[in-house]
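Student: One structure, pasted below without further comment.
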There are 2 protein chains.
Amino acid sequence: MSKLSPYNARHVLVENLDQGKWIQTRKINYQDPTGSDRVWEMAVRTTRTATTNVDAVSIVSVLHHPDRPKEIVLVKQYRPPTQKVVLELPAGLIDPKELIESTAERELLEETGYHGKFARQSIVTYSDPGLTNANMVLAYVDVDLSDVHNKLPQPQLEDGEFIETFTLPLNNLLAELEAVIQREGCTVDARLYHFAVGLDLAKQL
Amino acid sequence: MSKLSPYNARHVLVENLDQGKWIQTRKINYQDPTGSDRVWEMAVRTTRTATTNVDAVSIVSVLHHPDRPKEIVLVKQYRPPTQKVVLELPAGLIDPKELIESTAERELLEETGYHGKFARQSIVTYSDPGLTNANMVLAYVDVDLSDVHNKLPQPQLEDGEFIETFTLPLNNLLAELEAVIQREGCTVDARLYHFAVGLDLAKQL
């Protein structure tokens, strides 16, 4: 490891700049790999639970049907920070002491009405690591469309949630997402978009 | 469109809560689709340029070589908000009046030393739309490894940048990323991770 490796940076002191109800701004004093003192600002969600150390779970929920191509379950919701309706994977903040597994199945049912079965979860990843420590895991949840519970999915939205569910085929996800965005004038979560870009680029390998 | 469609939400008033040097916290007063007044907090980068209305560009840079599988150019850097070294796509904030195209080629050269050719750019996407209006575009930049300029790539890092470049094969990106994370105790940007998940899931279609 060279002297200037990014692994040689160190936190020194973190000061709270501002305490909103849901977001805190912090000033980080750290040493860069040369030992020089530097300053960075960050935004922090105040809702992270101590038990999981993870903010949120996003759900890759694939619909399995014997006669149809695989589809993925997506949601539309108005996101105030963007002033737009955003296309996203179903997701939710993790409740205190709740497991990723049950959070994923519960959020999928509440937001979309689909009864799914948790398969596995990803490592922890950071949504915008230059700006915030906000982090998340991906949960893979399979939905069996031949299950009687999934014939007429009924979302169970909480007060203040206005979420619309839709599905798109996995084998043409990028073009289909862009068509929805073009048609409806909405926008898209970067994580969902990168997932679609990966699916698309795989066709050229 | 139903009365409760997410498209029926409206911004009313945005108040500045706090002004850091690089991050501002804002309180958004908006109406939900039923017309009820609601409040949301958000974090805003203060660096966005008026000319592009986009914060950042991330670069999907594929190395083309006649005899080798396609590889993607990635970077490691210490990200103070996470207190960790993070694996990411090369990226940068867009300078005032700079085009996406030249930002992408310039950032790739500065961070990694590779001379690439801009091919195309994505639509604008939002990195964590429940928390912030921070947004980005993906730029696709091709790197020809048979070009003499790419024989010994030399990064041109600015003062305060400690970025290490590495490459991984596109056809096994998810497993290779997870191996680096396991081995080095670092973490990963959620957008890069979703891209790798898409590439991986495509194998099952």
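Student: Please enumerate the residues belonging to the stretch A:167-205 that are touching a Gly at 6+ places or on another chain (Cβ under 8 Å) and of a type in the set (D, E, K, R).
Tutor: A:D200 - this is the single residue of the stretch A:167-205 that is touching a Gly at 6+ places or on another chain (Cβ under 8 Å) and of a type in the set (D, E, K, R).
Student: Something else now. Among the listed residues B:L170, B:L108, B:L177, B:L138, which satisfies the condition of being modelled with pLDDT of 95 or more, more than 30 Å from A:P66 (Cα to Cα), at the interface with chain A (Cβ under 7 Å from one of its Cβ atoms) and within 17 Å of the chain's Cα centre (by Cα)? Even if it seems obvious, please write down each step before you answer.
Tutor: Working: B:L170 fails: within 17 Å of the chain's Cα centre (by Cα); B:L108 fails: at the interface with chain A (Cβ under 7 Å from one of its Cβ atoms); B:L177 fails: at the interface with chain A (Cβ under 7 Å from one of its Cβ atoms).
Every option except B:L138 fails the conditions.
Student: Sticking with this structure for a sec: Would it be correct to say that A:E184 is within 9 Å of chain B (Cβ to nearest Cβ), farther than 18 Å from B:L174 by Cβ and either at pLDDT below 95 or out of contact with any helix residue (DSSP H, G or I) (no Cβ under 6 Å at 6 or more places or on another chain) (or both)? Lay out the reasoning, then the answer.
Tutor: Values: within 9 Å of chain B (Cβ to nearest Cβ): yes; farther than 18 Å from B:L174 by Cβ: yes; either at pLDDT below 95 or out of contact with any helix residue (DSSP H, G or I) (no Cβ under 6 Å at 6 or more places or on another chain) (or both): yes.
Considered against the rule, which asks whether it is within 9 Å of chain B (Cβ to nearest Cβ), farther than 18 Å from B:L174 by Cβ and either at pLDDT below 95 or out of contact with any helix residue (DSSP H, G or I) (no Cβ under 6 Å at 6 or more places or on another chain) (or both), A:E184 comes out as yes.
Student: Moving to a separate point now. Assuming A:Q156 fulfils every condition listed in (1) over 15 Å from the mean Cα position of the chain (by Cα); (2) at the interface with another protein chain (Cβ under 7 Å from one of its Cβ atoms) apart from one, which condition is it?
Tutor: (2)
Student: Condition check: within 7 Å of chain B (Cβ to nearest Cβ) and out of contact with any helix residue (DSSP H, G or I) (no Cβ under 7 Å at 6 or more places or on another chain). Does A:A43 satisfy that? Lay out the reasoning, then the answer.
Tutor: Numbers: within 7 Å of chain B (Cβ to nearest Cβ): yes; out of contact with any helix residue (DSSP H, G or I) (no Cβ under 7 Å at 6 or more places or on another chain): yes.
It is true that A:A43 is within 7 Å of chain B (Cβ to nearest Cβ) and out of contact with any helix residue (DSSP H, G or I) (no Cβ under 7 Å at 6 or more places or on another chain).
Student: With the requirement that a residue be in a helix (DSSP H, G or I) and surrounded by fewer than 16 Cβ atoms within 10 Å (Cβ to Cβ), what does the stretch A:150-171 give you?
Tutor: Kept after step one, since they are in a helix (DSSP H, G or I), are these residues of the stretch A:150-171: A:150, A:170-171.
Across the stretch A:150-171, the qualifying residue is only A:N171.
Student: Can you tell me how many residues in the stretch B:37-71 are basic (K, R), surrounded by 18 or more Cβ atoms within 10 Å (Cβ to Cβ) and in a loop (DSSP other than H, G, I, E, B)? Give the steps one after another, and end with the answer.
Tutor: We begin by selecting, within the stretch B:37-71, every residue basic (K, R); these are B:38, B:45, B:48, B:68, B:70.
Imposing the further condition that a residue be surrounded by 18 or more Cβ atoms within 10 Å (Cβ to Cβ) reduces the set to B:45, B:48.
Then keep just the ones that are in a loop (DSSP other than H, G, I, E, B); that gives B:48.
Qualifying residue count for the region: 1.
Student: Scan the stretch A:72-89 and give yes if some residue there is more than 8 Å from every other protein chain (Cβ to nearest Cβ), within 19 Å of the chain's Cα centre (by Cα), outside any strand (DSSP E or B) and surrounded by 16 or more Cβ atoms within 10 Å (Cβ to Cβ), otherwise no.
Tutor: yes
The values are calculated or read from the model by the stated rules, or taken from the named source; none is laboratory data. This is a predicted model, so every value here is computed, not measured. No Cβ is skipped: glycine too gets one built from the backbone with ideal geometry, and neighbour counts run over all protein chains shown.
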